[in-house]
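Q: Just dropping this structure here.
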Amino acid sequence: MRPQRRVLVSVGAVMVLAAGCASTGSTSAPTAAVRAVTPAPVSSAAHAPAAPAPTATRAPTLTVTPLAAKLPTTVSRLVALPAGDRLLLLGGLDAGTSTTATILSVSPGTGAVHAVGHLAQATHDAGGAVLQGRAVVIGGGVSASTSAVQAVALSGGTASVSGHLPQARSDDAVVGDGTTAYVVGGYTGSTALPEILATTDGASFHVVGHLALTVRYPAVVADGTMLWVFGGEHQGTVTDAIQRVDLSTGTTTVAGHLPTPLAHAAATTLDGTILLMGGTNGRARQGTVYRFDPATVTATPAGELPAPASDMAVAVLADGAYVVGGEIADVGGKITSLDTIVRLQLSR
């Protein structure tokens, strides 16, 4: 968390999967693992017909489309949630300087953007999910991490504090599966938190597991009974670790490694495909969109964002995933936030 002056503005607010302070550390590139493959046994039966060759499944093609519609102000480190055919954007870092409490409604179809409410507390570096038909913003902070959980109708209005985390937590990632939201990673302002929390109402939380590697600013998706935790910062250094959390047992393992260390990235599931995008490797922003295969625990480049960026928010609507806002850096390292909306679509 970097100190921010608390300001309520009339526009601006959003989600991601979690964001936070600029990353400073880096790690060396991982060594590729080589796997031995044992040939299948050959039948000795005479005149046995050859088995038909397996039909290859063609990976879906990713289309990345910057929309003409822009946000009223540049914003990063926000929460974005689906609200019917609209995006609901909550909080965030407005113009890279001020934490906002504004709630925006964005219609990608028409390009209309409206301020529809405000949070009870301005916040950035928070996570969010839709629970029981409400938008829930979990944790985050301004100059210090907060334990507050805020809830508001998907149509907007004034948010209320619906509950509190067991500890203050910012720089976390939150992912929902439709009924439950999972809170992963982050820190209190001084201590990294290994506990993975679950909530169904945004008011009460319980521990469902522990990270194998404590991280801030990870990207997270839910896949059945598994959570996949991508990268993040561990003790100030960006990691390439892919952590697999088995929700049925609470067991977490480092199951694989990303092609590069990555933090401040975003992840989502679109049409059954897990996508990981943007972020920083500790030295530079990244623009690659990866397709992640849980069966092989591998991330393969599938496309590129319009510009290398970190700390964006992503939410899925019926016609695609929408990447909102974020941060870019010039060659001198000056950070600028974005007012852009980018649509990701898959086709076969």
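The values are calculated or read from the model by the stated rules, or taken from the named source; none is laboratory data. Quantities reported herein were computed from a predicted structural model and do not represent experimental measurements. Ideal geometry is used to build each Cβ from the backbone, glycine not excepted, and the neighbour counts take in all protein chains shown. Accessible surface is based on the protein model in full, side chains and every heavy atom, while ligands, DNA and RNA are left aside. Shrake-Rupley method; radii C 1.70, N 1.55, O 1.52, S 1.80 Å.
Q: How far is it, in nm, from the label point at GLN132 to the one at VAL254 when both lie 7 Å from their Cα along the line to the Cβ?
A: About 3.9 nm separates the two model spin labels.
Q: Roughly how many nanometres apart are two label points built 7 Å out from the Cα toward the Cβ at THR110 and ASP271?
A: Label at THR110, label at ASP271, 2.7 nm between them.
Q: Right, next: To the nearest 10 square angstrom, what accessible area does HIS206 show with a 1.4 Å probe?
A: Here the accessible area works out near 100 Å².
Q: When ligands, DNA and RNA are left out and all protein chains stay put, how many square angstrom of accessible area per residue does the range 57-130 have with a 1.4 Å probe?
A: Accessible area per residue, the range 57-130: 32 Å².
Q: What is the extension gain from ALA329 to THR158, computed as 0.36 nm multiplied by their sequence separation minus the C-alpha to C-alpha distance, in nm to one decimal?
A: Result for the pair: 58.2 nm of gain on full extension.
Q: Of all accessible surface on the range 255-348 at a 1.4 Å probe, what whole percent is carbon and sulfur?
A: Result for the range 255-348: 53 percent of the exposed heavy-atom area is carbon or sulfur.
Q: Alpha carbon centre of the range 182-209 versus the range 71-141: separation in Å?
A: 21
Q: Would you mind getting the accessible area per residue of the range 308-348, heavy atoms of the protein chains only, 1.4 Å probe, in Å²?
A: Each residue of the range 308-348 exposes 39 Å² on average to a 1.4 Å probe.
Q: Something else now. Rounded to a whole number, what % of the accessible area of the range 137-215 do carbon and sulfur atoms account for, probe 1.4 Å?
A: Accessible surface attributable to carbon and sulfur in the range 137-215 totals 52 percent.
Q: Quick one: if you stick a label point 7 Å off each Cα along the C-beta vector at THR188 and ARG348, how many nm between them?
A: Those two pseudo-labels are separated by 4.9 nm.
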